[in-house]
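For reference, the structure discussed in these notes is given below.
The values are calculated or read from the model by the stated rules, or taken from the named source; none is laboratory data. Please read all numbers here as calculations on a predicted model, not as lab measurements. All Cβ positions, glycine included, derive from the backbone under ideal geometry; neighbour counts span all protein chains shown.
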């Protein structure tokens, strides 16, 4: 489905399915009839009736920047999926939930700040945002979900909670501009392929708090010449292939 540029939703429409406009790459505007009792639209963007949920920002809607209205509390799964025009998105305080892949494949997005009101983010949130260089994640987010930054090839800076506890599978996979990552001493789990193919990563210190690291967590980190681990020796709960390329490890590391 790539031919539709404008879609008009009549008053009789009471349900729009998940991903109804998925891969509608030419879509510029979604317009809802004023007397529809379940949905609404503003400037071609689709919301629920009371505008507390942003459902779909069209993939080819014009304009390089967008400010999420202050009424919005939820940004739906795939809400901005595949938009290649936006470079800047401002999320207003009051947004509490951001769904799976909400900003995935927004290929020209360069930076974004998630406000402190956000308490939940879905998997693959910024997947394939290939121009994204910097992200700030609010303190209430203590787990980085699967594929959050997968293939964010320009990403250099991520600011996240000092209370981070877990990095899920493929969270930073293919972030090949990421040179350093700071892991807080609240972190307990690094999952499989979390830093897979982070070819620019040249410095990492794994804190004493980490009790589990799963398979291939640091696979193909070709610039990483040493991994500093604060624990004295490898814990039994770490996978035997957490470091598949046998990068030298300094056990019992302490910072100068």
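Among the residues of the stretch 132-152, count how many are in contact with a strand residue (DSSP E or B) (Cβ under 9 Å, 6 or more places away or on another chain), in a loop (DSSP other than H, G, I, E, B) and under 19 Å from residue 174 (Cα atoms).
Number satisfying all stated conditions: 6.
Of all residues in the stretch 18-32, which are more than 22 Å from residue 71 (Cα to Cα) and surrounded by fewer than 19 Cβ atoms within 10 Å (Cβ to Cβ)? Reasoning before the result, please.
The initial filter retains those residues of the stretch 18-32 that are more than 22 Å from residue 71 (Cα to Cα), namely 19-28.
Hits for the stretch 18-32 are 19, 20, 22, 23, 25, 26, 28.
Condition first: within 23 Å of residue 152 (Cβ to Cβ), in the same structural domain as residue 153 (by TED's automatic domain parsing), surrounded by 23 or more Cβ atoms within 10 Å (Cβ to Cβ) and in contact with a strand residue (DSSP E or B) (Cβ under 8 Å, 6 or more places away or on another chain). Can you find one or more residues in the stretch 33-54 that meet it? It would help to see each step written out before you state the result.
Within the stretch 33-54, the first condition is being within 23 Å of residue 152 (Cβ to Cβ), and the residues that meet it are 54.
Checking which are in the same structural domain as residue 153 (by TED's automatic domain parsing) leaves us with 54.
Checking which are surrounded by 23 or more Cβ atoms within 10 Å (Cβ to Cβ) leaves us with 54.
Add one more test, that the residue is in contact with a strand residue (DSSP E or B) (Cβ under 8 Å, 6 or more places away or on another chain), and what stays is 54.
Checked the stretch 33-54: at least one residue is within 23 Å of residue 152 (Cβ to Cβ), in the same structural domain as residue 153 (by TED's automatic domain parsing), surrounded by 23 or more Cβ atoms within 10 Å (Cβ to Cβ) and in contact with a strand residue (DSSP E or B) (Cβ under 8 Å, 6 or more places away or on another chain).
Restricting to the stretch 203-213, give me the number of residues that are in a loop (DSSP other than H, G, I, E, B) and under 17 Å from residue 246 (Cβ atoms). Full working, then the answer.
Within the stretch 203-213, the first condition is being in a loop (DSSP other than H, G, I, E, B), and the residues that meet it are 204, 207-211.
Checking the rest, the ones that are also under 17 Å from residue 246 (Cβ atoms) come to 204.
Number of matching residues: 1.
What is the number of the single condition among (1) under 10 Å from the mean Cα position of the chain (by Cα); (2) without any contact (Cβ under 8 Å) to a residue 40 or more places away in the chain that residue 122 does not meet?
Answer for residue 122: the failing condition is (2).
Checking the structure you have, find out if any residue of the stretch 229-239 is surrounded by 20 or more Cβ atoms within 10 Å (Cβ to Cβ) and out of contact with any strand residue (DSSP E or B) (no Cβ under 7 Å at 6 or more places or on another chain).
no
What pairs come up if the first residue lies in the stretch 61-81 and is not assigned by TED's automatic domain parsing to the domain that holds residue 43, the second is surrounded by 15 or more Cβ atoms within 10 Å (Cβ to Cβ), and their beta carbons are under 6 Å apart, counting only those six or more places apart or on different chains?
Listed pairs, sorted by first residue: none to list.
Scanning the stretch 91-112 for residues that are at pLDDT 95 or above and outside any loop (DSSP other than H, G, I, E, B), which turns out surrounded by the most Cβ atoms within 10 Å (Cβ to Cβ)?
Result: 98.
Go through the stretch 177-196 and give me each residue that's part of a loop (DSSP other than H, G, I, E, B) and surrounded by 19 or more Cβ atoms within 10 Å (Cβ to Cβ).
178, 187, 191, 192, 193, 194, 195, 196 - these are the residues of the stretch 177-196 that are part of a loop (DSSP other than H, G, I, E, B) and surrounded by 19 or more Cβ atoms within 10 Å (Cβ to Cβ).
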